[in-house]
Each structure stands twice: as C-alpha cells, then as structure tokens.
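Structure record follows, encoded as structure tokens.
The values are calculated or read from the model by the stated rules, or taken from the named source; none is laboratory data. Here the structure is a predicted model, which means the values were calculated and not measured. Reconstructed Cβ throughout: ideal geometry from the backbone, glycine too, with neighbour counts over all protein chains shown. Heads up: the accessible areas ignore ligands, DNA and RNA and are worked out on the full protein's heavy atoms, side chains in. Shrake-Rupley method; radii C 1.70, N 1.55, O 1.52, S 1.80 Å.
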Amino acid sequence: MRISSIECGRVLAILAVMTIHISPFANPFNPALWGSGSWLWLSGTINQLCRFAVPLFFLCAGYFLQPRLSREAPLTVAWHYCRPLLLLWLVWSLVYLLVPFNPLDAVQQGYLASLRGQWQFQLGDPLNGWLVGGMIHLWFLPALVMAVALLALCYRLGRPSLAIWLGLGLYLLALLGGSYAKPLLGAEWPLLTRNGPFFSLLFVALGALLRQRQWQPDARTGWQLLLAGVTLYGCEAWALQHFAAVPLTRHDFLLGSLPWALGLFGLLLANPEWGKGSWLERQAPKVLGIYCLHMMLVVWLFVFGPQAASILWEIAKVPLLLGSSLLVYRLLATIPLTRRLLSTR
C-alpha cells in the first residue's frame, strides 16, 4: 500500500534529516565560526524546524506494519521486518568504520593511522555506542528495530494498547533524562535517551493505533494539530534556552513533537493525492539508502569545503548534499554487490 502524499512526506523528511546533519550556518568541527548570537539563533531554528522528520518515519513504520501484526504471527512479522534492518545497520557500521573521513590523511599518514583518531570519535562512548553503531545517524535503525519488537510482543500478548503506555513512559523518561534534565535534575543522564526505544516506541505504536482505528482526519484537524504542536515545541525550546540555557540544537524531540508529528501525518492522510506522479514521489524508494549513505558525504563536505565563513557556501550545502547523495545512490545501485546496501529487499 502506497499513499502518494506520505511517500512525498518521507522524501521531505529525509531532506530535513540531511539539513540537520549538514548544519547550515553552523560548523560542528569549528563552532566558533558561526558562534555569534544571531547565527546561533538562525542555525538553531533551522535545526529545530526539521525535527518533524524522524517522528514521521516512526509513525509511518507503525502505520504500514500494523495490518500484518494483527493478522499474522506478530513475532514472526517483526523478525522478518527487523532482520534486514539489523543487517543493514551492521554493514553500514562497518563501512563507516573502514572508510576514512579524510582520504588525504589516509594517503599521507597511512590508512590505519588515519583511522585511529576517527575510531576514537566513533567508538569513544561505549555506553551509547552499542545503540548507535559505526556512525552517529545509524541510531535510527536499532531504535526502529527495538520499537517494532516491543510492539510485536504487545500484539503477541493480546495487548497492543500496552505499547502506547510503555512508549509514553519511556518517552517521558527520555525527556527527563535529556532535554528537561538540566532544569529538573541538574544534569543529563550519561545514557543518551534519543537512542533505543525511548523515543521510537511511542511513535511506532501510535502509527499502529491510527491504522487499527482507521483514522481519517480532515485537513483542518491536521493543520490544527500541526500548528499546535509547532507552537508548543517552540515554546518549550525557547523556555529551556531562556531559563535553563539548554541550546536549541540539543532537542531531538519535546512534548510538542507528538501533536506536530500527528498533525503532519494526519494532513498527509487527508490529502492522499498530494504529489502523485511527482519527482518527489519517485524518490521515495531511495529514502532508506540515502539515509544510510549521506553521512559520509556530510563529513567530506565539512572536510573539503571552505573552512572560512561563507554565506553562499552555507546556502549551497543542502542542495549539494542532496545532489551528491542522489548521485552516489545511483552509482551504488548500478553495482549488484553495493545495491544491497541501499534497501532491505
């Protein structure tokens, strides 16, 4: 089952994820480059406006998987769904561990010598690393796997609603140990609560619940939920920065993420023909592959791009990343061996 508007929404979501990672008007390798107040606000606002993306991915996963969970053996369905994702996660983790971030350093210093510093960055946090993998963005895959496994277990027990309550509890714990930790606890937990099922389970379970109840909102309801969510999210982010000095870019999700994502998903459901036959819809099958591969290109753009502040470069980074990701995807898709890196099929 494919819904044109949701397919297009997934493509916009991967573009949002890429925007977060390429960080317009920010440089994670040199924070002082765009460290003044106005640039921090601009980069932080861009970052936070893109935070609809991952919740939308999780909602879609639960929504489209629910019919199989309800009519087939749920644990078997979960295994068949999760096994290819785990293999993809393992293979891409190895790719990111073995491909140098700076190929020129690998030539000048030697391959292994250049990788030692890279491995310190990638493997330097053993507490969280096992839920992430070989590169920071790969956390999404084990988080999705754990959420689907827990949802399937709840279906197996005959209590699918239990996943909602468990997900809500984990979500609140994640906020307590993450974005809200500084004002409420004084410091964040060592465990990064974006990872694992803390963030993912609630959205995956909500997606399944919406499909189970055959939710068919009208466009007005979708807009109302979306705007309420964005407003709540913005108020939370502003208050946390103003009263607790929590940076804007710290937040992967807040309370407002729930109505924001539900409103966007509802809006797409209410307008299923949006984008039908468009270029966006044709890119939808590439989303998972682009998600996996794009982070290497992000690193190379930071390494080989201008090292001085350039407004033109900051504007060009996102389209450059998108274009290069599509090009690399196309190249990998032409080779039988590397084609398997791009999807779970």
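Read through the labelled values [x] 45, 44, 41; [y] 70, 44, 38; [z] 59, 53, 42 and report the label of the one computed as Cα extents along the principal axes in Å from the structure. Evaluating Cα extents along the principal axes in Å on these atoms matches [z]. Based on DSSP H segments of at least four residues, each scored -39500 (n - 2.57), the chain has a per-residue ellipticity at 222 nm of -23000 deg cm²/dmol. Sorted on the mean count of surrounding Cβ atoms within 10 Å across their residues, most packed first, peptides 30-40, 172-182 read 172-182, 30-40. Within region 250-345, the GluC sites (Glu not before Pro) that combine a DSSP coil assignment with at most 16 other C-beta atoms in a 10 angstrom radius are 273. Per residue, the accessible area of the chain comes to 48 Å², computed with a 1.4 Å probe over protein heavy atoms only. Each of the peptides 127-134, 68-75 was scored by the mean count of other Cβ atoms within 10 Å over its residues; in descending order, highest first, they stand as 127-134, 68-75. Projecting the Cα positions of 230, 29, 287 onto the charge dipole of the chain (unit charges on Cβ atoms of Lys, Arg, Asp and Glu, taken about the Cα centre) puts 287 furthest along the positive direction.
The accessible surface of region 1-143, taken with every protein chain in place and a 1.4 Å probe, is 69 percent carbon and sulfur.
For region 46-150, the relative contact order works out to 30 percent when only alpha carbon pairs closer than 8 Å and six or more residues apart are counted. With the Cα gyration tensor of region 2-109 giving a ≥ b ≥ c as the square roots of its eigenvalues, does the rule (a/c under 1.5 for rounded; else a/b larger than b/c for prolate; else oblate) give rounded, prolate or oblate? It is oblate, given that a/c is not under 1.5 and a/b is not larger than b/c.
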